[in-house]
Amino acid sequence: MKIIFLIIFLFFILKSDGVSSPVPKEIKSSNESLIYTYNTSGLYYYKWVFEDLGYELPFNCVNDSSIRTCIVQMNDETAKKLHGSMKTCFIDIDGTSNCQFTLRKNEYPNPVIEGTFKPQTKGGQTIMKGYYLVLGITYFTILPDLRVKFVGSLEDEAMDVTNLILDYKGGCGQRNLKWPNDFVYSFNHSNPNIDNISSDNSSLVVVGSNFCNSSDYVNILIDGIQIDKSNIILIDHELFEVKYNQIYCKSINVNIISGGLQSNIFKFDFKPLPIKINSVPKSKGGLIIITGHRLSSPQANNSDISINIGKYVCKNVISTQNEINCYIDGIPSGKNDSTIGLQVKISINGIVNDNGLLFSFDVPFISDFILPQGEVKLIGDCLGTIKSTQIYIDDIEQLNLTISINDKQTALSFTPLNQIKKIKTLFNCQWYKIKCY
């Protein structure tokens with residue numbers, strides 16, 4: 001009696017668990033067809049009903065020996081309708097049609113993902129292309145338990161589930177999406193890309209995309225050498241900054257490995273940075289002294305350095321990190337070439353400065369003055385000639401002064417007509433005026 005009761009109890013348990021529903025032997029899914037095979041003696045699904053859309057997906061079933069093959073020819077139009085609430089239909093053992101059950105988890109077809117799914121590390125709406133993407137699910141799960149929702153409603157007939165839009169919250173490195181049938185799809189993110197680099201002399205600021213926002217997942221390389229992570233000042237999905245100082249004019253190659261993915265290699269030039277330049281007389285030329293930063297290369301003996309000031313070449317170049325000396329010829333009298341506001345271009349091994357340092361001939365510069373026994377003596381550069389130089393005292397031009405200027409135009413002297421107690425001299429040489437106090 002107990003044995004009979006146990007058999008009846010198991011029958012109802014198994015019946016309620018769906019044992020009397022079809023049991024596929026094999027499931028094959030592709031973008032061309034969906035195929036379920038069964039034993040010919042068993043039950044089989046002959047159609048699926050998508051209730052929200054009012055759509056039925058019929059299977060064409062053919063027996064071959066002991067195998068029953070049920071197939072649906074697949075295309076974009078059909079695949080776009082496979083979403084929303086679904087019931088399966090089969091002929092029950094009593095000969096009646098049963099359309100009350102959903103598929104078991106292991107009976108869903110594997111999704112077919114077209115192309116590569118590579119979302120941005122910062123997240124955002126991301127498209128996944130393919131077939132059978134949402135059968136049996138209302139959201140994706142990134143292992144172990146992170147939910148990724150769809151954009152739109154699966155009950156909406158207009159939703160295109162072959163171009164599924166995911167509301168991806170971002171991440172880094174390789175991750176795994178899991179479907180109810182335990183199908184797992186591994187993906188990584190879009191490759192990091194460097195768009196631009198700038199420098200403030202103490203650090204490099206790199207702008208781009210798809211940088212992991214944690215230094216734990218990145219390696220930053222300069223000329224193939226990984227920098228110490230303690231030198232990473234900040235890192236986010238679209239920007240990172242690292243401590244880096246370069247005293248020479250040179251090119252470096254920067255790339256980043258983010259989440260195991262390589263970026264492009266970005267070439268960045270540490271350009272010469274001239275800050276100040278002296279002037280020389282137009283008629284004589286002379287020694288040009290340029291001061292600034294990165295005015296030499298690491299290989300000082302093998303450097304190709306050229307200095308162009310406007311259309312004039314500065315010759316006999318000697319450079320150090322912070323200073324360049326070269327010689328520029330004077331301009332013959334009678335030539336009407338421009339001598340004011342000439343662009344200074346420094347090229348070191350093909351790397352050219354891009355700041356707007358300008359040079360002009362005949363810019364007077366007074367470095368010192370003395371008053372020996374009533375005479376005024378000025379020391380400087382580009383002090384002009386007797387014919388071209390004018391002296392102003394207290395903003396009044398001194399018309400009857402006798403002045404003396406040496407050949408190098410570096411020393412000028414005159415005896416003022418009146419005694420000077422406090423000097424405020426306006427010195428005019430060619431086109432320029434300098435006040436001396």
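The values are calculated or read from the model by the stated rules, or taken from the named source; none is laboratory data. Here the structure is a predicted model, which means the values were calculated and not measured. Glycine gets a Cβ as well: all are built from the backbone with ideal geometry, and neighbour counts include every protein chain shown. Side chains are part of the model used for accessible areas, which takes the heavy atoms of the whole protein and leaves out ligands, DNA and RNA. Shrake-Rupley method; radii C 1.70, N 1.55, O 1.52, S 1.80 Å.
Computed 3J(HN,Hα) for segment 380-391, one whole-Hz value per residue from the Karplus formula 6.51 cos²θ - 1.76 cosθ + 1.60 where θ = phi - 60°, is x, 9, 6, 7, x, 10, 4, 6, 9, 9, 10, 10, glycine and proline marked x. Of the residues V242, V280, V62, which exhibits the maximal mean-square fluctuation in a Gaussian network model of the chain defined by a 10 Å Cα contact cut-off? Of V242, V280, V62, the most mobile in the Gaussian network model is V62.
Taking the charge dipole of the chain about its Cα centre, with +1 at Lys and Arg Cβ atoms and -1 at Asp and Glu Cβ atoms, the residue from Y38, L239, S333 reaching farthest to the positive side is S333.
For segment 311-429, the relative contact order works out to 18 percent when only alpha carbon pairs closer than 8 Å and six or more residues apart are counted.
Projecting the Cα atoms of Q100, L383, N255 onto the dipole axis of the chain, where Lys and Arg carry +1 and Asp and Glu carry -1 at the beta carbon, places L383 farthest toward the positive end.
Among residues other than Y248 with Cβ under 15 Å from its Cβ, the summed charge is -1 (Lys and Arg +1, Asp and Glu -1). Close amide-amide hydrogen proximity is noted between N39 and K25, R68, each under 5 Å apart and 5 or more residues distant or on a separate chain (H modeled in the peptide plane; Pro and chain starts excluded).
Note that segment 248-261 has calculated 3J(HN,Hα) couplings of 10, 7, 6, 9, 10, 10, 10, 8, 9, 9, 10, x, x, 10 Hz, one per residue in order, obtained from phi through the Karplus relation 6.51 cos²θ - 1.76 cosθ + 1.60 (θ = phi - 60°); glycine and proline are x. Under a model in which nothing but the beta-carbon of Lys, Arg (+1) and Asp, Glu (-1) is charged, the chain shows a dipole of about 1280 debye around its Cα centre. At a probe radius of 1.4 angstrom, the accessible area of the chain per residue rounds to 55 square angstrom.
Per-atom-type breakdown for the chain gives carbon and sulfur 50% of the accessible area (1.4 Å probe, protein chains only). Computed from Cα atoms, the angle from the helix 2-16 axis to the main principal axis of the chain rounds to 50 degrees. Mean separation of Cα pairs under 8 Å and 6 or more residues apart, divided by the residue count, gives segment 43-89 a relative contact order of 47 percent.
Taking amide H as placed 1.01 Å from N in the peptide plane, F101 has its amide H under 5 Å from the amide H of T88, each at least 5 places away in sequence or on another chain. Summary of packing: across the peptides 99-105, 194-200, 369-375, the per-residue average of other C-beta atoms within 10 Å ranks them, highest first, as 99-105, 194-200, 369-375. Working from Cα pairs under 8 Å separated by at least six residues, relative contact order for segment 344-390 is 27 percent. Scalar couplings 3J(HN,Hα) for segment 352-360, obtained by applying the Karplus form with A = 6.51, B = -1.76, C = 1.60 to θ = phi - 60°, are 10, 5, 10, 8, x, 6, 10, 10, 9 Hz; x denotes Gly and Pro.
From the residues M74, F90, N355, which one has its Cα farthest along the dipole of the chain in the positive direction, the dipole being from +1 and -1 charges on Cβ of Lys/Arg and Asp/Glu about the Cα centre? So the residue furthest toward the plus end is N355. The value obtained for the chain, namely the Cα convex hull volume divided by the number of residues, is 274 Å³ per residue. Summing Cβ point charges (Lys, Arg +1; Asp, Glu -1) relative to the Cα centre of segment 51-197 gives a dipole of roughly 700 debye.
Dipole check for segment 311-363: with +1 at the C-beta of Lys and Arg, -1 at the C-beta of Asp and Glu, and the Cα centre as origin, the magnitude is about 140 Debye.
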